[in-house]
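The values are calculated or read from the model by the stated rules, or taken from the named source; none is laboratory data. Being a predicted model, the structure only gives us computed values, none of them experimental. Because the Cβ atoms are built from the backbone with ideal geometry, glycine has one as well, and the counts that use them run over all protein chains shown.
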Amino acid sequence: MSDAGGERLALGPIVGFCLYDFAYSAFTTIVGTFVFATYFAKGVAVDPVVGTGQWSLSQAVAGVLVGVLSPICGAIADQTGRRKHWLFALSLLCVITTAMLWLVRPTPADVPFALVVSIIATVGFEMGTLFYNALLPGIAPPAMLGRISGWAWGIGYVGGLLALAIALFGLVQANPPPFGLDPAQAEPVRATSLLVAAWFAVFAAPLFLLVKEPPAPRIRAGKAIGAAMAQLRETLGDLRGHGNILRFLIAAMLYSDGVHTIFALGGVYAGTMYGMDVPEVMMLGISLNITSGLGAFAFAWMDDSHGSKRTIIVSLVCLLISSAVVLTAPTKIVFWVAALVMSTFFGPVQAASRTLMARLAPPKERGEMFGLFSLSGRLTAFAGPALVGWVTLATHSPRLGMATVLLFLGSGLWLVRGVRESGPGNVAT
């Protein structure tokens, strides 16, 4: 396999990188979105309203922890040059704590345990993606950054869908349940956490076997931490020197908040405005993930041929237009069609954002910059859902509440237009 310049590519590291995306998508799909979060709210907490609030608060706590730790750990990884070591430790933490969710019984007595374990699992997952993303420039040649990032993102959607299908039809809805699982104790649902843990461990393993990092100098832990904190203070104190990156981070923070809000609350909106029941909402979710994955694959070429910035801009413009149609759809059929079109651009905007960060970040500060990238994605993650909720309660209109996502998408689009990108085939040196 060769890149655009005829250079021979190492296929193994690319396969390992893509399979890691395939592996970790099961966590977001099953634990964070469709299965375990719903089980906690409806089956563990004292009632669904309280459970929804508790789960949301736990994710906010995880977000704060990730936001604080990401830049620090990223800077330490820059000093030691061992990003893969960090990724392995954090992936293992996520796998172990995800498996522990099996112990969460359908009783309010298990609420504290469920929340603490889910917070730790989420921190392990989110922190791990920081180091995973930072490996991209060492795997992909500059001319193929966009394609490989897009392929990995698309394969990730496939992984999430397959894991969800197995969880739903092989465990949750199986009749009779396999392995003697007791539905009265919600064991078929709880077993999905074991599925995710095994899925993550098996499909993440190739990355650690196939991706090689250059030999790193041995640095004492205290010295590495001290140097990392000094580096982080210097970067934060000299943001003017990274003005272009700072502009991109703020832009990504805004439009990512809009995209994540649509993902988080789209099912609730569909059920409220168009009377969809739970199976239909789940079918909508599966369909949206399929079109998102197809979009990530289809637009990967554009990232490399026309640049990450242009890919982001085109995707955001299309998201704004299709979101407006979704919000004003007069019938369920129009809503379905517009939602599928809209979701086509979820994958490209997120994959191209990762690629643009890889292009902009100086190699010696890559871990730290991806830490700030992770921070920008979590810093205001509460703002979109909070604004939707406030406007919905104030106006008694879910349609007006969801319309606030247009503000995030539009403001992010306006800011990213001013980001300077040196070229689709270049990476910061």
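Brief remarks follow.
- The residues listed here are GLY423, GLY384; of these, the one that is over 23 Å from the mean Cα position of the chain (by Cα) and either within 17 Å of SER308 (Cβ to Cβ) or at pLDDT below 75 (or both) is GLY423.
- When the residues of the range 390-406 are filtered to those that are assigned to a helix (DSSP H, G or I) and surrounded by 15 or more Cβ atoms within 10 Å (Cβ to Cβ), the one that is modelled with the lowest pLDDT is THR392.
- Failed criterion for VAL111 (all others in (1) at pLDDT 80 or above; (2) within 21 Å of the chain's Cα centre (by Cα); (3) not charged (D, E, K, R) hold): (2)
- Checking CYS94 against (1) closer than 28 Å to GLY295 by Cβ; (2) surrounded by fewer than 23 Cβ atoms within 10 Å (Cβ to Cβ); (3) at pLDDT 95 or above, the condition it does not meet: (2)
- Those residues of the range 25-36 which are under 15 Å from ILE120 (Cα atoms) and surrounded by fewer than 23 Cβ atoms within 10 Å (Cβ to Cβ), in sequence order: THR28, GLY32
- Scanning the range 302-323 for residues that are of a type in the set (Lys, Arg) and surrounded by fewer than 17 Cβ atoms within 10 Å (Cβ to Cβ) turns up just one, ARG310.
- Helices (runs of 4 or more DSSP H) contained in the range 277-351 and holding at least 2 residues of a type in the set (D, E, K, R), over 19 Å from TRP414 (Cβ atoms) and modelled with pLDDT under 80: 300-306
- Residue check: ILE333 meets all listed conditions (1) farther than 22 Å from LEU400 by Cβ; (2) touching a residue at least 24 places away in the same chain (Cβ under 8 Å) but one, namely (2).
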